[in-house]
Amino acid sequence: MKLGAIEAGGTKFVCGIADEKGNILERVSFPTETPEITLQKVYDFFKNKGVEAIGVGSFGPIDPNPNSETYGYITKTPKRYWSNFNLIGELQKNLNIPMAFDTDVNGAALGEATWGSAKGLKNCLYLTIGTGIGGGALVSEKLVHGMLHPEMGHIFIRRHQSDSYVGKCPFHKDCFEGLASGPAIEERWGVKASELPIDHEAWKLEAYYLAQALVNYILTISPEKIILGGGVMKQSQLFPLIRKNVKEMLNDYVQTKEILENIDDYIVYPGLGDNAGLLGCIALALNI
Ligand code: ADP
Ligand code: ZN
């Protein structure tokens, strides 16, 4: 069986084809331009490929509710040309095959639970820390939707007393994303995040903010595994710092072996690596 993936990102689109076991057969990526230019490339890629279903994982906010009038839309986004855009409607017009639609991070959570580091688990959390911060969650084997979908990047966390940076979020300034996204790190320190030395205090502060958010998610949805992806997590020195902070902040309140004994295996990098997003879309397609 051949399944298709469309990972619609604010910076780039990734399209791919894989089998039902998650073996990737083909993959392309191109920058996100206007919908006309970008979708034409998507149509060209899938033409005559014989895929049976496509999973679309998109940057948000989106409308994933099949009963809603605006199902399939990317809703109000600051991303130029894409606000209130009927993504699934346009894709269906041209490709006309079954499609699943969800946030990119919900897809990635499902992909990790199917083939990655949360394989076999019924509850997991996938968080991306990149240009923005977003989270997807599998709870009792179901991806979390509700009134909308989780917007885990915009929770409020306590500012560190040494941090006077105003915050980058256009809506809330110093919400989690406003303090801890890649662009927030870069504006606070005036250096590209990838060029900050690994022992720079920026990473201690970053781990402090990430740990606070994780503690909130641990206490609310009780994931069995927490997967941290996105460009910022390429800084692997963050992992031990985050785990240490999470333990200290929980202060023995949550008495599980995941936290007390196996935290190195509880807060982890995506098992699917850089394919977490793409295979997430394949997992969405497989679940239609
Ligand atoms: P996006 O969020 O746009 O889908 P990424 O997850 O790759 O893409 O995130 C990009 C952001 O991550 C960049 O703006 C940069 O701030 C940060 N970033 C990328 N690579 C690194 C790195 N090696 N170290 C630290 N930060 C990085
Ligand atoms: Zn915000």
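The values are calculated or read from the model by the stated rules, or taken from the named source; none is laboratory data. The model shown is predicted, which means the values in this text are computed figures rather than measured ones. Using ideal geometry, Cβ is built from the backbone for each residue, glycine included, and neighbour counts are taken over all protein chains shown. In case anyone asks, the SASA skips ligands and DNA or RNA and just uses the protein heavy atoms, side chains included. Shrake-Rupley method; radii C 1.70, N 1.55, O 1.52, S 1.80 Å.
Closer than 16 Å to Q237 by Cβ and either away from ligand 1 (no atom under 13 Å from the Cβ) or part of a helix (DSSP H, G or I) (or both): is that true of L205 in this structure? Yes, satisfied. Against the conditions (1) open to solvent by 60 Å² or more (accessible area, probe 1.4 Å); (2) closer than 19 Å to F101 by Cα, T38 satisfies every one except (1). Among the residues making up the range 31-46, a single one is among the polar types (S, T, N, Q), in a helix (DSSP H, G or I) and either out of contact with any Ser or Thr (no Cβ under 8 Å at 6 or more places or on another chain) or over 27 Å from E151 (Cβ atoms) (or both): Q40.
In the range 217-288, counting only helices (runs of 4 or more DSSP H) that sit wholly within it, the ones holding 2 or more residues that are in contact (Cβ under 8 Å) with a residue 60 or more places away in the chain and within 18 Å of the chain's Cα centre (by Cα) span 276-286. For G132, the conditions (1) away from ligand 1 (no atom under 16 Å from the Cβ); (2) under 18 Å from G57 (Cβ atoms) all hold with the exception of (1).
Taking residues in the range 151-179 that are in the same structural domain as P61 (by TED's automatic domain parsing) and away from ligand 1 (no atom under 16 Å from the Cβ), and partners anywhere that are open to solvent by 50 Å² or more (accessible area, probe 1.4 Å) and not basic (K, R), not one pair has Cβ atoms closer than 6 Å while being at least 6 places apart or on different chains.
Considering only the range 136-153, I want to know if a residue exists there that is more than 16 Å from ligand 2 (Cβ to nearest atom), touching a strand residue (DSSP E or B) at 6+ places or on another chain (Cβ under 6 Å) and among the hydroxyl-bearing types (S, T, Y). No, the range 136-153 has no match at all.
Of the candidates Y253, Y217, the single residue that is of a type in the set (F, W, Y), modelled with pLDDT of 95 or more, out of contact with any helix residue (DSSP H, G or I) (no Cβ under 6 Å at 6 or more places or on another chain) and open to solvent by 50 Å² or more (accessible area, probe 1.4 Å) is Y253. Taken over the range 41-72, the criterion of being of a type in the set (F, W, Y) and either open to solvent by less than 20 Å² (accessible area, probe 1.4 Å) or outside the structural domain of E90 (by TED's automatic domain parsing) (or both) is satisfied by F45, F46. Do we have any residue at all in the range 211-222 that's closer than 16 Å to I242 by Cα and small (G, A, S)? There is at least one residue in the range 211-222 that is closer than 16 Å to I242 by Cα and small (G, A, S).
Looking at the range 188-204, can you tell me whether even one residue there is among the hydroxyl-bearing types (S, T, Y) and in contact with a strand residue (DSSP E or B) (Cβ under 8 Å, 6 or more places away or on another chain)? No.
Could you please give the count of residues in the range 47-77 that are of a type in the set (A, V, I, L, M, F, W, C) and assigned to a loop (DSSP other than H, G, I, E, B)?
Total satisfying the criteria: 2.
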